[in-house]
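Undergrad: To start, I am sharing the structure in question, which I have written as structure tokens.
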Amino acid sequence: MAIISRGFHGRRPPVGTKLPPGQYETTGFPVLSAGPTPRVKRDEWELSVRTETGEQRTWDWAGLTALPVESPTVDLHCVTKWSKFGTEWRGVSLDTLLADVATAAKYALVRSYGGYTTNIPLDDLVDGKAWIAYGYDGGDLAPEHGGPARLLVPHLYLWKSAKWVREIELRVSDQPGFWEGAGYHNYGDPWREQRYQGD
Ligand SMILES: Nc1nc2c(c(=O)[nH]1)N[C@H]1C(S)=C(S)[C@@H](COP(=O)(O)O)O[C@H]1N2
Ligand SMILES: [Mo]
């Protein structure tokens, strides 16, 4: 019988691995921010969803935290190659936020306090795949990690998980966000190693 190499050759990771190609595991929680941490007080914080017809829904802190809370435990994958397993969050599912929103949009452009933006297909924000997270590891979400609240879309590279989230604009046409417009991949699937345009 031939000797079979079980080495890691293709782009397809071994079945059962939690580590996408090119990533390494860290137990720390690095902070990656393109600018200074915006200090948004909870009593001034608001999140809006705006549709392609201009309809807008806005939640303040009391409104957000009155919604049903979920406690997802997820793995995080940053394009700078660290992955962190089993992170524990508290937040509101995007399914809950979007339940009463009528839209034919296919894309979302997410805007943060401080000016950061990122674009995500609307399909990737629904069906239990994304949250507005305001709790982390049993406590409040720290400002440097996006508190008061951030988007959490763990099946995509972590740059899609906009910290200090302020607005979700639902759009008929796609529009690149901050990193997507700077050469990063438009979609950013860590399992297909979609780091940069052309990957
Ligand atoms: N508003 C905002 N959100 C952001 C960023 C940012 O610079 N500003 N950086 C992104 C990137 S590149 C990563 S890897 C994660 C880092 O999240 P963390 O600092 O909590 O680890 O936030 C993402 N969300
Ligand atoms: Mo990142």
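Undergrad: Quick check on my filter: what residues within segment 127-146 are open to solvent by less than 20 Å² (accessible area, probe 1.4 Å) and touching a strand residue (DSSP E or B) at 6+ places or on another chain (Cβ under 6 Å)?
TA: First, the residues of segment 127-146 that are open to solvent by less than 20 Å² (accessible area, probe 1.4 Å): 130, 132-133, 135, 141, 146.
Of everything in segment 127-146, those that are open to solvent by less than 20 Å² (accessible area, probe 1.4 Å) and touching a strand residue (DSSP E or B) at 6+ places or on another chain (Cβ under 6 Å) turn out to be 132, 133, 135, 141.
Undergrad: Looking at segment 29-45, is at least one residue under 18 Å from the mean Cα position of the chain (by Cα), exposed (fewer than 14 other Cβ atoms within 10 Å of the Cβ) and of a type in the set (Gly, Ala, Ser)?
TA: Yes, there is a match, as at least one residue in segment 29-45 is under 18 Å from the mean Cα position of the chain (by Cα), exposed (fewer than 14 other Cβ atoms within 10 Å of the Cβ) and of a type in the set (Gly, Ala, Ser).
Undergrad: What is the number of the single condition among (1) in contact with a Gly (Cβ under 8 Å, 6 or more places away or on another chain); (2) closer than 27 Å to residue 21 by Cβ; (3) crowded, with 20+ Cβ neighbours inside 10 Å that residue 72 does not meet?
TA: (3)
Undergrad: Here are some residues: 73, 65. Which one is more than 15 Å from ligand 1 (Cβ to nearest atom), under 24 Å from residue 189 (Cα atoms) and touching a residue at least 12 places away in the same chain (Cβ under 8 Å)?
TA: 73
Undergrad: For segment 72-97, name all the residues that are out of contact with any Lys or Arg (no Cβ under 9 Å at 6 or more places or on another chain), among the aliphatic types (A, V, I, L, M) and more than 16 Å from ligand 2 (Cβ to nearest atom).
TA: If the condition is that a residue be out of contact with any Lys or Arg (no Cβ under 9 Å at 6 or more places or on another chain), among the aliphatic types (A, V, I, L, M) and more than 16 Å from ligand 2 (Cβ to nearest atom), then 92 is the only one that fits.
Undergrad: Related question: Considering 91, 86, 63, which residue is in a strand (DSSP E or B) and loosely packed, with under 15 Cβ neighbours inside 10 Å?
TA: The unique qualifying residue is 86.
Undergrad: Residues that are near ligand 1 (Cβ under 9 Å from one of its atoms), among the charged types (D, E, K, R) and under 11 Å from the mean Cα position of the chain (by Cα): does segment 158-172 have at least one?
TA: Taking every residue of segment 158-172 in turn, at least one turns out to be near ligand 1 (Cβ under 9 Å from one of its atoms), among the charged types (D, E, K, R) and under 11 Å from the mean Cα position of the chain (by Cα).
Undergrad: Another one. Can you give me the number of residues within segment 108-126 that are in contact with a helix residue (DSSP H, G or I) (Cβ under 6 Å, 6 or more places away or on another chain) and away from ligand 1 (no atom under 16 Å from the Cβ)?
TA: Number of matching residues: 1.
Undergrad: Quick test for you: out of 182, 149, pick the one residue that is without any contact (Cβ under 8 Å) to a residue 24 or more places away in the chain and either within 14 Å of ligand 1 (Cβ to nearest atom) or surrounded by 16 or more Cβ atoms within 10 Å (Cβ to Cβ) (or both).
TA: Criteria check complete, one pass: 182.
The values are calculated or read from the model by the stated rules, or taken from the named source; none is laboratory data. Note that the structure is a prediction, hence the values are computed from the model and not measured. Every residue, glycine as well, gets a Cβ built from its backbone with ideal geometry; the counts of neighbours run over all protein chains shown. Heavy atoms of the whole protein, side chains included, go into the accessibility calculation; ligands, DNA and RNA do not. Shrake-Rupley method; radii C 1.70, N 1.55, O 1.52, S 1.80 Å.
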